[in-house]
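Here is the structure we will look at.
Bear in mind that the values in this text are calculations on the coordinates, not laboratory data. It should be emphasised that the depicted structure is a prediction, and the values quoted were computed from it without experimental measurement.
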Amino acid sequence: MWSFINDERGLTEPYADLPAMALAVSGFVIFVALLAQAYAAYDEKAFIAEHYQDARNLAMKLTRDPALAADTRSDLIDAVKFDAVSRDRNATFDLMDRYGGHFGFMVKLEGGNYTGAIMNNTSSFGAAASIPVTVKLNDVQSVPGSLTVKLWRKR
């Protein structure tokens with residue numbers, strides 16, 4: 001009755017090893033995908049860690065840039081000038097050419113009820129830094145705010 005267990009002749013079915021091979025290949029593909037995902041996450045975090053200070057330094061430079069600073073005091077960011085630069089493509093490209101050597105960047109200014117941004121093809125990830133600034137809304141009103149710069153690799 002149980003002679004097939006004790007039969008020493010052995011019989012191999014055709015394609016009997018295909019399920020095992022498919023399982024091994026699937027496991028290898030999943031391992032490679034996880035390894036690639038881990039490397040991509042590490043690369044993004046390393047970029048942020050390496051370039052946070054660059055984003056902060058760029059923000060400090062932009063606060064002193066004559067295209068954005070108030071005429072009377074260089075420690076104020078003029079909201080009217082900021083809006084003019086964000087609307088004028090030539091001024092935006094000039095700013096990007098001046099400061100965006102190896103990186104693309106975006107600048108965002110917030111203060112009180114004012115929000116403005118100068119963008120150039122924003123990327124989904126990058127190193128960002130914010131610094132406190134004073135935003136000149138008009139000749140008589142200035143409010144505390146923040147200037148945020150986000151850097152990413154140019155493609």
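Okay, here's what the table says:
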read-out	value
The chain: relative contact order in percent, alpha carbon pairs under 8 Å with at least 6 residues between	23 percent
Hydrodynamic radius (Kirkwood) for the stretch 26-155, which is based on Cα pairs only, to one decimal in Å	16.0 Å
Spatial separation of Cα centroids for the stretch 83-132 and the stretch 137-155, in angstrom	8 Å
Cross-link partners of Lys136 among lysines (Cα-Cα below 17 Å; sequence separation of 8 or more within a chain)	Lys81, Lys108
Set of lysines near Lys154 by C-alpha distance (under 18 Å), chain-local residues within fewer than 8 positions excluded	Lys45
Residue with peak Gaussian network fluctuation, the chain [Cα springs, cutoff 10 Å], from Lys81, Lys61, Lys108	Lys61
